[in-house]
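*Asks:* Please read through the structure below; I'll follow up with questions.
The values are calculated or read from the model by the stated rules, or taken from the named source; none is laboratory data. No experiment lies behind these values; they were computed from the predicted model shown. Here the Cβ is made from the backbone with ideal geometry for all residues, glycine too, and neighbour counts use every protein chain on show. Surface areas here come from the heavy atoms of the whole protein model, side chains and all, with no ligands, DNA or RNA. Shrake-Rupley method; radii C 1.70, N 1.55, O 1.52, S 1.80 Å.
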Amino acid sequence: MKTILHLNSSIFGASGQSSRLAKAFIDELPAAKVVTRDLAAQPLPHLDAERFGAFLSKPEGRTPAQQLVVNESDALVAELKQADTIVLGLPMYNFGVPSQLKAWFDHVARAGVTFKYTEKGAVGLLTGKKAYVFAARGGLYQGTARDTQTAYVRDFLAFLGITDVQFVYAEGLAISEASKTASLAAAQRSLRSLAQPERIAA
Ligand SMILES: Cc1cc2nc3c(=O)[nH]c(=O)nc-3n(C[C@H](O)[C@H](O)[C@H](O)COP(=O)(O)O)c2cc1C
């Protein structure tokens, strides 16, 4: 049985549109072990020099406080490593990703653990995984230069070695009721067709 890491980052929890789409997609997938992490309900601290210093510290020289920081990050990395599939609910807030998601990125990007530096540059260590991203936005950005969110999330995942990434968009959610209804219906159709090959393969 496959393992899915289900990450929500909406400040509205399971009611967020991105969270609902992510959940609807998982419901369409074959039975799997689902590990859910609500990054807004259980927010991680911002990365600061102290926390980053803990990541760099040698195990034998760590203070108890540094060890706690490393343990927290290690637990997040373990969830990610164990997952075959990552399903991410991605709201757009003020043109970017939720700060809670950025804090998670900052806690799973670990040199020597999730990526390594080589002579040819950084290489991601989390290969062989698939990611599905459910992006919810009030406005319309997909395919335009203002959609910095897609490139950023794709680049970040690729940095860790996760290159098989599919995005589903629900856009124009704040434009009108009609736009919202049509966009959510289209996103539901997209997620069902994305899940179909997974069901056939199972
Ligand atoms: C604090 C805040 C900031 C937002 N900023 C943007 C934005 O920059 N661009 C946009 O298109 N929509 C913006 N929206 C609308 C959200 O993208 C939209 O409500 C979407 O459904 C959020 O996903 P969620 O429902 O999963 O939380 C914002 C909403 C909130 C609450």
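*Asks:* In the chain, with Lys and Arg counted as +1 and Asp and Glu as -1 at Cβ, which of these residues, Leu76, Gln188, Ser9, has the Cα nearest the positive end of the dipole, that is, farthest along it?
*Replies:* About the Cα centre, the residue reaching furthest to the positive side is Gln188.
*Asks:* So how far, in whole Å, is the C-alpha centre of the stretch 1-17 from the one of the stretch 30-80?
*Replies:* 18 Å
*Asks:* A further question follows. Accessible area of the stretch 1-98 with a 1.4 Å probe: how many percent of it is carbon plus sulfur? Working shown, then result.
*Replies:* Details: 2840 of 5010 Å².
Reported share for carbon and sulfur atoms: 57 percent.
*Asks:* Kindly list the residues of the stretch 65-88 that lie in the label zone of Ser57, defined by a backbone N under 14 Å from the point 7 Å along the Cα-to-C-beta vector.
*Replies:* Zone members listed by number: 65-74.
*Asks:* With only Lys, Arg, Asp and Glu charged, each at its Cβ (+1 for the first two, -1 for the last two), find how big the charge dipole of the chain is about the Cα centre; round to the nearest 20 debye.
*Replies:* Values: 22 positive and 18 negative charges, 63 e Å.
That gives the chain a dipole magnitude of about 300 debye.
*Asks:* Report the relative contact order of the stretch 61-187, percent, no decimals, based on alpha-carbon pairs under 8 angstrom and at least 6 residues apart.
*Replies:* Numbers: 173 pairs, mean separation 31.3, N = 127.
For the stretch 61-187, the relative contact order is 25 percent.
*Asks:* Which Rg and Dmax, in Å, describe the Cα atoms of the stretch 121-199?
*Replies:* That works out to 14.6, 47 Å for Rg and Dmax.
*Asks:* Would you mind getting me the FRET efficiency between Ala31 and Tyr152? Use the beta-carbon distance for r and R0 = 35 Å, nearest 0.05. Please report the intermediate quantities before stating the final value.
*Replies:* Values: r = 32 Å, r/R0 = 0.93.
It comes to 0.60.
*Asks:* Label Leu68 and Ile200 with points 7 Å out from Cα along Cα→Cβ: what is the distance between them in nm?
*Replies:* It works out to 5.2 nm between the two label points.
*Asks:* Follow-up. Compute the convex hull volume of the Cα atoms of the stretch 79-153, divide it by the residue count, and report the result per residue in Å³ as a whole number.
*Replies:* On the way: hull volume 8.8 nm³, N = 75.
So the per-residue Cα hull volume is 118 Å³.
*Asks:* Another question, if that's okay. Seen from all sides and averaged, what is the projected area of the convex hull of the Cα atoms in the stretch 30-102, in nm²? Spell out each step's value before the answer.
*Replies:* Details: hull surface 26.4 nm².
Here the figure is 6.6 nm², rounded to one decimal.
*Asks:* In a Debye calculation with equal point scatterers on the alpha-carbon sites of the stretch 1-123 and no solvent, what is log10 I(q)/I(0) at q = 0.20, 0.21 Å⁻¹?
*Replies:* At q = 0.20, 0.21 Å⁻¹ the computed log10 ratios are -1.15, -1.21.
*Asks:* Whose amide H sits under 5 Å from the amide H of Phe115, counting only residues 5 or more places off or on another chain, with H placed in the peptide plane?
*Replies:* It is Arg110, Leu125, by chain and number.
*Asks:* Okay, moving on. Could you pull out which residues in the stretch 5-37 have an amide N less than 16 Å from a spot 7 Å beyond the Cα of Arg192, following the Cα-Cβ vector?
*Replies:* Output list for this probe position: 21-30.
*Asks:* Just the number, please: Stokes-Einstein D of the stretch 43-202 in µm²/s, Kirkwood Rh from C-alpha pairs, 4 °C, 1.567 mPa s. Show your work: numbers first, answer last.
*Replies:* Details: Rh = 17.6 Å.
Translational diffusion coefficient: 74 µm²/s.
*Asks:* Follow-up question, since we're still on this one. Just add up the charged neighbours of Phe156: K/R +1, D/E -1, any other residue whose Cβ is under 12 Å from the Cβ of Phe156. Can you show the working numbers first?
*Replies:* Details: positive: Lys102, Arg154; negative: Asp106, Asp155.
Net charge around Phe156: 0.
*Asks:* Check which residues have an amide H placed less than 5 Å from Phe12's amide H, if you skip close sequence neighbours.
*Replies:* Long-range HN contacts for Phe12: none found.
*Asks:* Check Gly89: other-chain or 5+ apart residues with amide H under 5 Å from its amide H, H built from backbone geometry?
*Replies:* Sorted by chain and number, the residues that satisfy this are Leu7, Asn8, Ser9, Phe134.
*Asks:* Now a separate question. Once every DSSP H run of n ≥ 4 in the chain is given -39500 (n - 2.57) and the sum is divided by its residues, what mean residue ellipticity at 222 nm do you get, rounded to the nearest 500 deg cm²/dmol? Mind dumping the intermediate values first?
*Replies:* On the way: 6 runs with 86 residues, N = 202.
Mean residue ellipticity at 222 nm (helix-derived): -14000 deg cm²/dmol.
*Asks:* Distance check, please: which entries in Lys23/Lys130; Lys130/Lys180; Lys2/Lys129; Lys2/Lys23; Lys2/Lys116; Lys58/Lys130 exceed 20 angstrom between their Cα atoms?
*Replies:* Lys130/Lys180; Lys2/Lys116; Lys58/Lys130
*Asks:* Continuing with the same structure: How would you rank 158-169, 175-186, highest first, on the average number of other Cβ atoms within 10 Å across their residues?
*Replies:* Top to bottom by mean Cβ count within 10 Å: 158-169, 175-186.
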